[in-house]
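Have a look at the structure below, then the notes.
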Amino acid sequence: MTSRANWAELREDALRDPETAAAYEAAHVRYELGRAVRERREELGMTQSHLARLSGLQQPAVARFEAGGTMPTLPMLERLAAALGMRLNVGFEPLDRAAG
């Protein structure tokens, strides 16, 4: 077993595996979507329960989503966006600009 100096090296090592890299990217997307919804909900002074009612979801589903625990469908994102007074904008961007 080799010794590694830090987390960054462990992560870099793990991400060389395509399946691990894909899972990591999916988790990152879930986290970022959940964070954006939570921030907007909090900006509006809404509780998770209130957002759930407005979007036709259950409060535990909103909590899981905000924590990055579920990958939402486009219809779910549309319902959340409408409940938050926003419009969903989905697009593609080149990988060399998508770092982050």
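When the residues of the range 13-29 are filtered to those that are surrounded by 11 or more Cβ atoms within 10 Å (Cβ to Cβ) and among the charged types (D, E, K, R), the one that is nearest to Arg87 (Cα to Cα) is Glu25. Check the range 17-24 and report whether any residue there is more than 16 Å from the chain's Cα centre (by Cα), at pLDDT 95 or above and in a loop (DSSP other than H, G, I, E, B). No, that holds for no residue.
On the given criteria, is Gly69 in contact with an Asp or Glu (Cβ under 9 Å, 6 or more places away or on another chain) and within 26 Å of Leu95 (Cα to Cα)? Please lay out each step first, then the result.
Values: in contact with an Asp or Glu (Cβ under 9 Å, 6 or more places away or on another chain): no; within 26 Å of Leu95 (Cα to Cα): yes.
The answer is no for Gly69.
Is it the case that Glu32 is surrounded by 13 or more Cβ atoms within 10 Å (Cβ to Cβ), acidic (Asp, Glu) and within 16 Å of the chain's Cα centre (by Cα)? Show your work before the answer.
On the way: surrounded by 13 or more Cβ atoms within 10 Å (Cβ to Cβ): no; acidic (Asp, Glu): yes; within 16 Å of the chain's Cα centre (by Cα): yes.
For Glu32, the condition - surrounded by 13 or more Cβ atoms within 10 Å (Cβ to Cβ), acidic (Asp, Glu) and within 16 Å of the chain's Cα centre (by Cα) - is not met.
Filtered by the rule that a residue be exposed (fewer than 12 other Cβ atoms within 10 Å of the Cβ), part of a helix (DSSP H, G or I) and of a type in the set (Gly, Ala, Ser), the range 38-92 gives no residues.
The values are calculated or read from the model by the stated rules, or taken from the named source; none is laboratory data. Note that the coordinates shown come from a computational prediction; the quantities given were computed from them, not determined experimentally. Cβ atoms come from the backbone with ideal geometry, glycine included; neighbour counts cover every protein chain shown.
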